[in-house]
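Undergrad: Quick one: the structure is below, questions incoming.
What follows draws every value from the coordinates through simple rules; no lab data is involved. Everything numeric here is computed off the predicted structure, so don't read it as measured data. Ideal geometry is used to build each Cβ from the backbone, glycine not excepted, and the neighbour counts take in all protein chains shown.
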């Protein structure tokens, strides 16, 4: 249940400012760690806003990659993969671990946790042949690190299941005609919501209800009585709930997802330079433990084998490039 979950106790925040501060601290922590190396190599670090743009771009890549599988990847699995990705980069800089590696690891971990049965060989088969072996190694080598950074909190309560519950309830208890008309726009809203921070700010049930609220405005169906009367005990509670749903819609609508690498090309170029700094330079004013040193060496080796800057996925999948 969500109310007793790690999602509520560890990953639900009261205000968006908390997320902004956390991302700023994540960025600042990386910059402090590698400040000397950046100066010597004339590397300009990314800002928190630029990091977020990179994350959104690679989240789009994550979902595009998942969409090439058959049978189709269930929406709940997409929600889990997206949540892992968002959580990882809330606490980790994209300059420390490049998203073109992490989005594959998030997808494969979500497949396993949500029991979408795909072997690792089948998973990497969706990549071009020259990337399959190195990608398998990269995914396996990243797994423990990812689990630690996700705090081993792997159960994700996404809004897709509550949406089904609300649709059933509306059919049963409301007089709204042809409730199924709401489904298409509600589904689209929920997929868009995965890019936003609403999963960090609201329970999945409220996000699902916001999707129906949004859908009702698009197809011009009045569901206000269902929200304010049947889901609330008082008029005041109903008005407060409607205000909350509008707030969720506003957050989702304001997210800008880069459509192509050209839109953030200058950021990606700087990111590649920052990633190289991590691979070849020790942190400033700190001493890595032996396992951390081994991790850097391993990541350098994998990156050399896994350079996907100029290489796309196999044309058979219809999926574009990793970068």
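Undergrad: Kirkwood Rh, Cα Rg: Rg to Rh for segment 160-253? Let's see the in-between values first.
TA: Working: Rg = 12.2 Å, Rh = 13.1 Å.
Rg/Rh: 0.93.
Undergrad: Further question on the same structure: Counting other C-beta atoms within 10 Å, which of 209, 91, 109 has the fewest, and how do the rest follow? Walk me through the intermediate numbers first.
TA: Details: 209 27, 91 14, 109 21.
So the residues, fewest neighbours to most, are 91, 109, 209.
Undergrad: Debye sum, Cα scatterers, segment 64-192, no solvent: what log₁₀ I/I(0) at q = 0.12 1/Å?
TA: -0.54
Undergrad: Points 7 angstrom from Cα along the Cβ direction at residue 18 and residue 187: gap in nanometres?
TA: Distance between label points: 3.3 nm.
Undergrad: Relative contact order (percent) for segment 109-237, with alpha-carbon contacts under 8 angstrom and 6 or more residues of separation? Show your work: numbers first, answer last.
TA: Details: 79 pairs, mean separation 27.1, N = 129.
The value is 21 percent.
Undergrad: Same structure, new question: On alpha-carbon atoms, Rg over Rh for segment 28-98 using Kirkwood Rh? Spell out each step's value before the answer.
TA: Details: Rg = 15.4 Å, Rh = 13.8 Å.
Result: Rg/Rh = 1.12.
Undergrad: May I pose another question? Roughly how many nanometres apart are two label points built 7 Å out from the Cα toward the Cβ at residue 2 and residue 280?
TA: 4.8
Undergrad: Now, a different point. Return the whole-Å distance between the Cα centroid of segment 127-145 and the Cα centroid of segment 1-65.
TA: So the two Cα centres are separated by 23 Å.
Undergrad: Give, in nm to one decimal, the length gained when the segment between residue 219 and residue 136 is fully stretched (0.36 nm per residue of separation minus the Cα-Cα distance). Don't jump to the answer; show the numbers that get you there.
TA: Values: separation 83, 0.36 × 83 = 29.88 nm, distance 4.50 nm.
That works out to 25.4 nm of additional length.
Undergrad: At residue 122 and residue 266, where each label point lies 7 Å from the Cα along Cα→Cβ, what is the point-to-point distance in nanometres?
TA: 4.5
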